[in-house]
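Shown next, in structure tokens, is the structure this report addresses.
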Amino acid sequence: PPPPPLPLPPLPPLPNMELPGPRNDSVAKVPFLCPKCALPLVAAPPTRTGGAMLHCPSAHTIAVAKRGEVNLVPAGRISRKGKVRGDDDNSVRARRAFFEADGYAAQRTAVAREVSLALEPRLIASRLASPSTSLHVLDAGGGEGAYLSQLAQLFAEDSSEGIDSRREGCVKLDLIGTDLSKLAVKMAAAKHKSTPDVAFRFAVASSNRLPFRDHSLDCVMSVFAPVPFSEFARVVVAGGAVVVARPGPDHLHGLKGLIYNNPAPQAAQDTEGLPAPERTVEVRTVHTFRGAEAINLFNMTPFFWNASEELQARVNQGGVEFTTPINFIISTYRL
């Protein structure tokens, strides 16, 4: 009989190779629109003093601040009725300090997770079209950027854990925050720095007139901010989503009890004109606030203005402690 065949030699180890496909280390960004003519703004040559500018085809120019933010409300924050629009500076500073101390941690994480889930269909569609893609997310009325920061953190954690196609490093985030408070936008731009995978951009702009082209964003989020839904729907792509966080029935009921004798439950939000949500979750925790936490929470809410001067003074001197539910209702609307 013929001799048995010799065993095959072991295969050499495969070299370290990246998967084929384009990889771009810059995030594709949706352009802002000119507030005067609604044409796209692009980077202009630097000024003589080295300042950054944006310009449009109509030759209108917008200055870019040193921190990178832009003001797309040339008329300022004064409405036609003479009222100042947007949060006052004291409220903005209190909110920044509150979130820096990890306030609303469970609720911020839940909002980020709901936005991430809302992006999954867009992620799949984009990945079918191109191996490398950028998802564009707007936080309308997002203040100093705490919720966008939480979304970026979740994105980084998911990437490091190898969750879905982000493990390839091919999905990038274009995170945009708008607000009418110049201070909030300034603070957001100063804190959040872009990376090759996550771009942060901030602009002073109104949610009633968003500075973006029709159907150019994958998701708009709004947390305890106005919800002009028709305007949100205008800028979101087909298959994209709007994620809205509203106060639940007993949100901050313990704080309200310091101000009102018989505080009423939080009024239900007006949902007239809104489609049925694809998904709604409720996140409720109970927390005792004291010291700086109590001061910052008190000052960042509109309840501050309904409190007596005596109560304002006691809280701001650190002499008040209270326990209260923190109740968020988070709804996702698919377009």
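The values are calculated or read from the model by the stated rules, or taken from the named source; none is laboratory data. Because the structure is predicted, anything quoted here is derived from the model rather than measured. So basically every Cβ, Gly included, is an ideal-geometry build from the backbone, and we count neighbours across all protein chains shown. Areas reflect the complete protein model, heavy atoms only, side chains present, ligands, DNA and RNA absent. Shrake-Rupley method; radii C 1.70, N 1.55, O 1.52, S 1.80 Å.
Got a number for residues in the stretch 242-296 being more than 24 Å from residue 114 (Cα to Cα) and among the aliphatic types (A, V, I, L, M)?
Looking only at that region, the number is 7.
Being in contact with a Ser or Thr (Cβ under 9 Å, 6 or more places away or on another chain), open to solvent by 60 Å² or more (accessible area, probe 1.4 Å), among the polar types (S, T, N, Q) and modelled with pLDDT under 90, is that true of even one residue in the stretch 6-18?
No - not one qualifying residue is present in the stretch 6-18.
Can you pull out every residue in the stretch 72-93 that is at pLDDT below 95, open to solvent by less than 60 Å² (accessible area, probe 1.4 Å) and touching a strand residue (DSSP E or B) at 6+ places or on another chain (Cβ under 7 Å)?
73, 77, 86
Looking only at the stretch 210-262, which residues are closer than 23 Å to residue 298 by Cβ and part of a loop (DSSP other than H, G, I, E, B)?
Within the stretch 210-262, 224, 225, 226, 248, 249, 250, 251, 252, 260, 261, 262 qualify.
Note down all Cβ pairs under 8 Å where the first residue falls in the stretch 25-44 and is within 20 Å of residue 196 (Cα to Cα), the second is among the acidic types (Asp, Glu) and assigned to a loop (DSSP other than H, G, I, E, B), and they're at least six residues apart or on different chains.
Hits for this filter: 27/197.
Could you grab me the full set of residues in the stretch 312-335 that are open to solvent by 30 Å² or more (accessible area, probe 1.4 Å), farther than 30 Å from residue 278 by Cβ, assigned to a loop (DSSP other than H, G, I, E, B) and not small (Gly, Ala, Ser)?
Selection gives 317, 321.
Please work out which one of (1) in a strand (DSSP E or B); (2) surrounded by fewer than 14 Cβ atoms within 10 Å (Cβ to Cβ) is the condition residue 269 fails and give its number.
Condition (1) is where residue 269 drops out.
Taking the stretch 218-232 as the region of interest, how many residues are open to solvent by 30 Å² or more (accessible area, probe 1.4 Å) and either in contact with a Pro (Cβ under 8 Å, 6 or more places away or on another chain) or of a type in the set (A, V, I, L, M) (or both)?
Here the count works out to 2.
Based on this model, can you work out whether residue 238 counts as open to solvent by 40 Å² or more (accessible area, probe 1.4 Å) and among the hydrophobic types (A, V, I, L, M, F, W, C)?
yes
Do you know which residues across the stretch 280-300 are under 18 Å from residue 95 (Cα atoms) and in contact with a Ser or Thr (Cβ under 8 Å, 6 or more places away or on another chain)?
Matches in the stretch 280-300: 287, 288, 289, 299, 300.
Could you list, ordered by first residue, the pairs with Cβ atoms under 7 Å in which the first is in the stretch 288-313 and at pLDDT 95 or above and the second is of a type in the set (Phe, Trp, Tyr), at least 6 apart or interchain?
289/322; 294/322; 296/98; 297/98; 297/289; 298/304; 300/98
Restricting the search to the stretch 289-311, which residues are open to solvent by less than 10 Å² (accessible area, probe 1.4 Å) and farther than 11 Å from residue 259 by Cβ?
289, 294, 297 - these are the residues of the stretch 289-311 that are open to solvent by less than 10 Å² (accessible area, probe 1.4 Å) and farther than 11 Å from residue 259 by Cβ.
Give just the number: which of (1) part of a helix (DSSP H, G or I); (2) of a type outside the set (A, V, I, L, M, F, W, C); (3) at pLDDT below 95 does residue 134 not satisfy?
Among (1) part of a helix (DSSP H, G or I); (2) of a type outside the set (A, V, I, L, M, F, W, C); (3) at pLDDT below 95, residue 134 violates only (1).
Count, please, the residues in the stretch 95-105 that happen to be in contact (Cβ under 8 Å) with a residue 40 or more places away in the chain and open to solvent by less than 50 Å² (accessible area, probe 1.4 Å).
Qualifying residue count, the stretch 95-105: 7.
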